[in-house]
Amino acid sequence: METRQQGLTLFSAILVLIATLVVIQLWLLAASVDALLAGQAVVLVPTAAASCVLFALSAGLLWYVVSFDERLKQWGPRG
Amino acid sequence: MPGPADRPRWVDDFPIRWDQDNYMTRRELAKFLTLGSGLLAGVNVILAAVGVSRQPPPAPAARIAGVDDVAPGGSLLFRYPTAEDPCILLRDASGAFAAFSQVCTHLSCAVVHHAGADALECPCHKGSFSSRDGRPLGGPPTRRLPRVLVERRGGDLVATGIEV
């Protein structure tokens, strides 16, 4: 597999991973609303913490992509 | 290769100029999703803060009934901790007492107890709960009934709190 194709696969995989994390966060939010309405406050703090961890993972993956682009810009186009 | 004469008429009904349209790149979508992820995390933190700050104070002790007011296998309705919280006191055949919120955890109908039965039933959607610990036995409910803590003080039964 050529390098460009590898890069496309990598960025697509990162995108799918971030989308999966967002879907899990949506599920956590639904569970939180359910717990709040049921008066089960004990569930709310762990779900909020888990959601923050998932956001940190998403941000980390995005930071990887952005830093990759920055490194590419430093080298400039192949000439 | 198809020429202009082959152009189907329905194409004119969709005047999309693909050359002027904006495509979203993978990077833009990743940024958008991460922004959404941050918003979801923020909403979750707000919900947790609201839930923790809205925790009701411990319910005060209140007399429910006399020990002899409920026959073995029978039940008694009461309100606890406020007049807007219906509850049900049960006495099994051995004479042990248990009390639960009467509000079904499915859609808030009032659960009922039939004399001698081991279950509380919700007449709305045929949900049922154990009369021992309030856990759901059948039907739509998935959460157990909140349990009212009951103490025996002399000849009285006293509610001392609620266990969700």
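For this structure, a couple of remarks:
- Residues in the range B:57-79 that are within 14 Å of another protein chain (Cβ to nearest Cβ) and free of Cβ contacts under 8 Å to residues at least 12 places away in the same chain: B:Pro57 only.
- Some residue of the range B:114-129 being among the aromatic types (Phe, Trp, Tyr), under 20 Å from B:Pro56 (Cβ atoms) and within 19 Å of the chain's Cα centre (by Cα): no
- Test set (1) within 24 Å of A:Trp27 (Cβ to Cβ); (2) free of Cβ contacts under 8 Å to residues at least 40 places away in the same chain; (3) β-branched (Val, Ile, Thr) - B:Thr105 fails condition number: (2)
- B:Cys124 being in a loop (DSSP other than H, G, I, E, B) and surrounded by 15 or more Cβ atoms within 10 Å (Cβ to Cβ): yes
- Residue that is farthest from B:Thr82 (Cα to Cα), among those in the range B:141-164 that are within 14 Å of chain A (Cβ to nearest Cβ) and out of contact with any Phe, Trp or Tyr (no Cβ under 9 Å at 6 or more places or on another chain): B:Thr142
- Residues considered: B:Val112, B:Val43, B:Val52, B:Val11. Of these, the only one that is under 30 Å from B:Gly138 (Cβ atoms) and not aromatic (Phe, Trp, Tyr) is B:Val112.
- Residue that is facing chain B (nearest Cβ under 7 Å), loosely packed, with under 15 Cβ neighbours inside 10 Å and more than 19 Å from B:Ser108 (Cβ to Cβ), where the choices are A:Leu26, A:Leu54: A:Leu26
- Members of the range B:33-49 found to be within 17 Å of A:Thr47 (Cβ to Cβ) and either more than 7 Å from chain A (Cβ to nearest Cβ) or in contact with a Pro (Cβ under 8 Å, 6 or more places away or on another chain) (or both), listed by number: B:Leu39, B:Gly42, B:Ile46, B:Ala49
- Lone unmet requirement of (1) facing chain B (nearest Cβ under 10 Å); (2) at pLDDT 85 or above for A:Leu8: (2)
- With respect to the stated conditions, B:Ala30 fails to be surrounded by 13 or more Cβ atoms within 10 Å (Cβ to Cβ), more than 10 Å from every other protein chain (Cβ to nearest Cβ) and at pLDDT below 95.
- A:Val43 vs. criteria at pLDDT 85 or above and more than 9 Å from every other protein chain (Cβ to nearest Cβ): no
The values are calculated or read from the model by the stated rules, or taken from the named source; none is laboratory data. Remember, it's a predicted structure, so these values are computed and weren't measured experimentally. Note that we place each Cβ from the backbone using ideal geometry, even for glycine, and neighbour counts take in every protein chain shown.
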